[in-house]
1. Can you pull out the helices (runs of 4 or more DSSP H) entirely within region 2-116 that have at least 1 residues that are closer than 28 Å to Glu150 by Cβ and either at pLDDT 95 or above or out of contact with any helix residue (DSSP H, G or I) (no Cβ under 6 Å at 6 or more places or on another chain) (or both)?
2. Give region 133-176 a look and list any residue that's within 18 Å of Asn55 (Cα to Cα) and among the charged types (D, E, K, R), or say none.
3. Taking region 54-89 as the region of interest, how many residues are more than 18 Å from Asn175 (Cα to Cα) and either without any contact (Cβ under 8 Å) to a residue 60 or more places away in the chain or among the acidic types (Asp, Glu) (or both)?
4. Spot the failing condition for Arg110; the list is (1) without any contact (Cβ under 8 Å) to a residue 12 or more places away in the chain; (2) closer than 17 Å to Tyr34 by Cβ; (3) touching a Gly at 6+ places or on another chain (Cβ under 9 Å), and only one is missed.
5. Can you tell me which residues in region 80-118 are surrounded by fewer than 19 Cβ atoms within 10 Å (Cβ to Cβ) and within 21 Å of Tyr186 (Cα to Cα)?
6. For residues that are crowded, with 17+ Cβ neighbours inside 10 Å, part of a loop (DSSP other than H, G, I, E, B) and not hydroxyl-bearing (Ser, Thr, Tyr), tally how many sit in region 177-187.
7. Kindly provide the set of residues from region 139-176 that are part of a loop (DSSP other than H, G, I, E, B), aliphatic (A, V, I, L, M) and closer than 23 Å to Asp85 by Cβ, ordered by number.
8. Just for region 127-154: of the residues that are without any contact (Cβ under 8 Å) to a residue 60 or more places away in the chain and among the polar types (S, T, N, Q), which one is farthest from Val167 (Cα to Cα)?
Amino acid sequence: MEVTELIMRKFRYLILIILFGLFNNKVISQNSIYDENFVLELASGKEIKLNNFKNKKLLIVNVASKCGFTRQYKELQKLQNNYGDKLNILAVPCNQFGFQEPGSDEEIIRFCKENYDVSFPVTKKSKVVGKNKHEVYAWLTSKSLNGISESIVKWNFQKYLIDENGVLINFFNSNVSPTSDKILKYL
């Protein structure tokens, strides 16, 4: 075998190793929230495994009943009604922004049912910012955990969209309506 042929063979082998490494890193960097085996407690007291939402997109929203964006509950329910075959919604009440979710878990559920006829799951009140934030929000907001982007929850009704495999698609600030084309284009 000639020296140039041997060099070319080694070069092709090296290229294949590099390409495989690049492809492999891309796949690995897309972390799935479902790999974490998160369990959330619903406001009703029942526990739910986050990976129960697998195979549909999931919109996780921190909510509050005394906020200027509270009317988005209506749009979230509309999304649930219109796209329930391919989308789940999970509401996470939070009292960290302007103390706009002061009620008990029972009061929050009653408010959601009476005012917006909410049929999607609502968790117990949770922290979404700070060092004691819920582990789901730690994953959603940390690029080192989710593999996609770094974010900070800035106010009530910030939304995180997860794909069918548990990979973060994008996040949307409070002023983005749940029925906005910015969200609907992913459904």
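The values are calculated or read from the model by the stated rules, or taken from the named source; none is laboratory data. Keep in mind it's a predicted model, so treat the numbers as computed, not measured. All Cβ positions, even for glycine, are placed from backbone atoms using ideal geometry, and neighbour counts span all protein chains on display.
1. Values: elements: 3-29, 72-83, 105-116.
Qualifying helices (runs of 4 or more DSSP H): 3-29, 72-83.
2. Across region 133-176, the qualifying residues are Asp163, Glu164.
3. Taking region 54-89 and keeping what is more than 18 Å from Asn175 (Cα to Cα), we get 54-58, 80-88.
Next, only the ones that are either without any contact (Cβ under 8 Å) to a residue 60 or more places away in the chain or among the acidic types (Asp, Glu) (or both) stay: 80-82, 84-85, 88.
Total meeting the criteria: 6.
4. Condition not satisfied by Arg110: (2).
5. Hits for region 80-118 are Gln80, Asn81, Asn82, Tyr83, Gly84, Asp85, Lys86.
6. Looking only at region 177-187, we keep the residues that are crowded, with 17+ Cβ neighbours inside 10 Å, and these are 177-178, 183.
Those left that are additionally part of a loop (DSSP other than H, G, I, E, B): 177-178.
In the following step, the residues that additionally are not hydroxyl-bearing (Ser, Thr, Tyr) were identified as 178.
Adding up the residues that qualify gives 1.
7. As a first pass, look at region 139-176 and keep what is part of a loop (DSSP other than H, G, I, E, B): 142, 147-158, 163-167, 173-176.
Still in the running and aliphatic (A, V, I, L, M): 148, 152-153, 167, 176.
Listed by number, the residues that qualify are Val167, Val176.
8. Among those that are without any contact (Cβ under 8 Å) to a residue 60 or more places away in the chain and among the polar types (S, T, N, Q), it is Asn132.
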